[in-house]
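Inspection log for the structure reproduced underneath, given as structure tokens.
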Amino acid sequence: MSRRPTLFFSFRSPFSWLLVERLRRHVPDAEERIELVPFWEPDPAMAAALAERDAGLHYVPMSKAKHLYILQDTKRLAGRLGLEMAWPVDVDPWWELSHCGWLQARRLGRAPEFYDAVVAARWGRGENICDPDVIGAAASSAGLDPEAIVAAGEDPEIRAEGLECLVRAYEDDIFGVPYLRLGWQRFWGFDRLDDFLRAFDDGARADRPAEVPRAVASLVGAYDSDTAGGCG
């Protein structure tokens, strides 16, 4: 099993946005050290493709009461992080537009920049990221061709990659985002980030080669600096 940590994220989720913000503050190179996998509610064609793979979503739509609580809670958390937040209104959302756009941006080497532009539009300004004009503007601000990013939502190759992300989420029993995995350990939700960071830091220390004592390093031939196996 790969030891590389994984983060399942969604542009829809405010808790995903807030967790990534905190994660980056603790791990500035998080996108290089942690694999990001997008997760979203699929459109009918994607849902049918999931069903053909005997997959789906481990996800239950929230009640109005829970939605209103989350609105209050996320504003409180955003304020604690020093962030301004505008709550968007999602009408007839099509999440493939932003998430497949992110997959295309990743192929073009601009995933972090596009991610920042999308969350700024959605959570900073309350814009509708299911609107092609909004995503096109986000792409432009990220240094990407807006037409290529907007087209990704309908691109068969990108949608196939997106399907694999959703199948993986299903097979990994991901029932909500943000969801972090580190080896056999699982961490669901914003409130579990500190537990993940402790495990992540412990793993980084375990992987770090032991330093050679300065007194020993100064002695020629005092330790073996050759490749594994000796004479090689």
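All of the numbers you see were taken from the coordinates with simple rules; none came from a lab. Quick caveat: nothing in here was measured; it's all calculated off a predicted structure. Virtual Cβ from ideal backbone geometry, glycine too; neighbours counted across all protein chains shown.
Details
- The Cα-based radius of gyration of the stretch 1-87, divided by its Kirkwood radius, gives an Rg/Rh of 1.03.
- Taking every alpha-carbon pair within the stretch 93-172, the share separated by more than 23 Å comes to 15 percent.
- Report note on the peptides 32-40, 68-76: ranked by the mean count of other C-beta atoms within 10 Å, highest first, their order is 32-40, 68-76.
- Amide H partners (placed H, <5 Å) of Arg110, local residues excluded: none
- Angle between the chain longest axis and helix 193-207 axis [Cα atoms, degrees, rounded to 10]: 30
- Helix 14-26 axis, angle to the chain major axis (alpha carbon atoms, nearest 10°): 20
- Whole-number D in µm²/s for the chain (Stokes-Einstein; Kirkwood sum over Cα pairs; 25 °C, 0.890 mPa s): 125
- In nm, spacing of pseudo-spin labels at Glu52 and Asp73 (7 Å Cα→C-beta vector): 3.7
- Globularity index of the stretch 150-197, i.e. its alpha-carbon radius of gyration over 2.2 N^0.38 Å: 1.45
- Looking at the chain, the DSSP beta bridges with both ends there are about 65 percent antiparallel.
- Compared with the dominant principal axis of the Cα atoms in the chain, helix 64-80 is inclined by about 50°.
- Across the chain, the mean sequence separation of Cα contacts (distance under 8 Å, 6 or more residues apart), normalised by length, yields a relative contact order of 27 percent.
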